[in-house]
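So the structure is just underneath, and the comments pick up after that.
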Amino acid sequence: MAQLSDDCFAFGGGLLTVASALAEIDARVAPVVETETVPLPTAGGRILAHDIIATMNLPPHDNSAVDGYAVAHADLIPDRETVLTVTGRAAAGHPLDRPARRGEAIRIFTGAPMPEGTDTVMMQEDCAFEAGRVLLKPGIRRGANRRHAGEDVTEGEAALPAGQRLRAPDLGLAAALGHRELSVFRPLRVALLSTGDEVRDPGTPLPRGAIYDANRFMLAALLTGLGCAVSDFGIRPDREAALVDALAAAKAEHDLIVTSGGVSTGDEDNVKSAVERLGTLHFWRLAIKPGRPIALGQVDGVPLIGLPGNPVAAIVTFIVLARPLIAKLAGAMACDPRLFPVRTGFGYRKRPGRREYLRASLERDGDAVVAVKYPRDGAGILSSIVRSDGLIILDETASELTVGTVVDFLPFSEVIG
């Protein structure tokens, strides 16, 4: 199993902007997974390991886009109807077995190869057929209703790039180019655990002062949506020895460790010391809200991401930082989520110098769509994610919004499965 260097996540200095953090990831992180060859039907959702270079044109031959009659355009009379004798038939999978002769028409069906000597197809709806002859209307342009060989993909072209997460259309294109199997990256194997003496599994008794673990299930779903194979290491108490044992077990047979909670610098936050017993830990202090320091490091060479314990901070930092980091480790190409410009339906003030992510919903205001901020901002209010459509992104230079300000909006549909 490939590993990262111990100083991969090392970064000095104060608060790190989101753009700088993403640039560091792009520069320092490399895939840690091997490749494997899988049958085409099982390749959906996997990450392509090598470019697919077309070894043929697609379509492989000129063909008809409609049902009709294939003719040589030079045989058509420009200003009045043309009558030609129909002397052959071409269908998909059954091409005409000879070149077409000048002055004749060939009955042709959608997808059939264009007979040699023809260059234009008249739709059957625009023709009249009687007694072995077809009457063709004037005015059709040369090459009408003809698909050209290679107009979809040209031989030698990179049809699909390495790093592409394979979707249904990608598999269709690979099949059309004759591929029965594809070389893909092995799924990233992720060990996931929560920390905290107060955290309990859902369905168990809940003592006073305890909470049910939401983050582990939320993060497992996010990781699975990125194609990861997730191993659930459960909840670990806020004790260094217990965390050392858990991390030592998690590093075996895994490419990445993801933790939730315990990554601050308080007396009860023991992730830092536990990781440092086994490897190296760095805190990336991001200039964002919500979110606290992100813990990035290695446990005996296996990368580790430590996310905040507050669920909104956990999901926002996952979307902003962990998601692109995990994609890079798994061999996926960089693919920034699409942002959409929307107008605000509210006013807001923020502190300059940090990027803020506001939970918001989209509502109609007459003929326009406006973004409405969720009324509560707390990093522990998970329902604010459930009841919102996405995040308004306010960059570091912004300080005040007024009603009608145009802002960037990130729909959850872009980043949450």
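Some observations on this one:
- The Cα atoms of the range 252-373 define a convex hull whose projected area, averaged across directions, is 9.9 nm².
- Sparse-neighbour loop sites [trypsin sites (Lys or Arg not before Pro); the range 78-161; at most 12 other C-beta within 10 Å; DSSP]: 80, 102, 141, 142
- For the range 1-101, average projected area of the Cα convex hull in nm²: 15.2 nm²
- Between residue 35 and residue 129, the modelled labels are 5.0 nm apart [label points 7 Å from Cα along Cα→Cβ].
- Whole-percent carbon and sulfur share, accessible surface of the range 203-313, 1.4 Å: 51 percent
- Folded to 0 to 90 degrees: helix 18-28 orientation relative to the chain principal axis, Cα: 80 degrees
- Converting the Cα gyration tensor eigenvalues of the range 213-264 into ellipsoid dimensions via √(5λ) gives semi-axes, longest first, of 20, 14, 8 Å.
- Across the accessible surface of the range 93-178, with the other protein chains kept in place and a 1.4 Å probe, carbon and sulfur atoms take up 49 percent.
- In the chain, the longest principal axis of the Cα atoms and the axis of helix 240-251 are about 20 degrees apart.
- Note on residue 328: aspartates and glutamates with a C-alpha under 15 Å away, same-chain residues under 8 apart excluded, are 24, 26, 34, 255, 336.
- Computed Kirkwood radius, in angstrom, where 1/r is averaged over Cα pairs of the range 129-169: 15.0 Å
- The base-10 log of I(q)/I(0) for the range 26-158, evaluated at q = 0.20 Å⁻¹, reads -1.09 [Debye formula, identical scatterers on Cα atoms, solvent excluded].
- Accessible surface, per residue, of the range 223-361 when the full set of protein chains is kept, probe 1.4 Å, Å²: 38 Å²
- Segment residue 27-residue 142, extension gain: residue separation times 0.36 nm, minus the distance between their alpha carbons: 36.2 nm
- In plain terms, the chain from residue 73 to residue 212 could stretch by 42.6 nm, reckoned as 0.36 nm per residue minus the Cα-Cα distance.
- Cα-based helix-to-principal-axis angle, 215-225 vs the chain, degrees rounded to 10: 20 degrees
- Within a straight-line Cα-Cα reach of under 14 Å, residue 350 can be paired with the following aspartates and glutamates, leaving aside sequence neighbours fewer than 8 residues apart in one chain: 377, 395, 396, 400.
- Subtracting the Cα-Cα distance of residue 198 and residue 367 from 0.36 nm times their residue separation leaves 56.0 nm of extension gain.
- Kirkwood Rh and Cα Rg combined as Rg over Rh, evaluated for the range 311-417: 0.97
- Global size of the range 176-229 as Cα Rg and Dmax, reported in angstrom: 18.2, 62
- Among the listed values [x] 41, 37, 19; [y] 38, 24, 22; [z] 59, 27, 18, the one matching semi-axes √(5λ) of the Cα gyration tensor in Å as calculated from this structure is [z].
- Note on residue 81 and residue 403: the model spin-label points, each 7 Å out from Cα along the C-beta direction, lie 6.7 nm apart.
- Carbon and sulfur %, accessible surface of the range 1-80 computed with the full protein complex present, 1.4 Å: 54 percent
- Rounded FRET efficiency, nearest 0.05, which uses the C-beta distance separating residue 386 from residue 42 and R0 of 22 Å: 0.10
- For the chain, calculated [θ]222 nm from helices alone, where every DSSP H run of n ≥ 4 adds -39500 (n - 2.57): -4500 deg cm²/dmol
The values are calculated or read from the model by the stated rules, or taken from the named source; none is laboratory data. This one's a predicted model, so the numbers in the text were calculated from it and none came from an experiment. Reconstructed Cβ throughout: ideal geometry from the backbone, glycine too, with neighbour counts over all protein chains shown. SASA here: full protein model, heavy atoms, side chains in, ligands and nucleic acids out. Shrake-Rupley method; radii C 1.70, N 1.55, O 1.52, S 1.80 Å.
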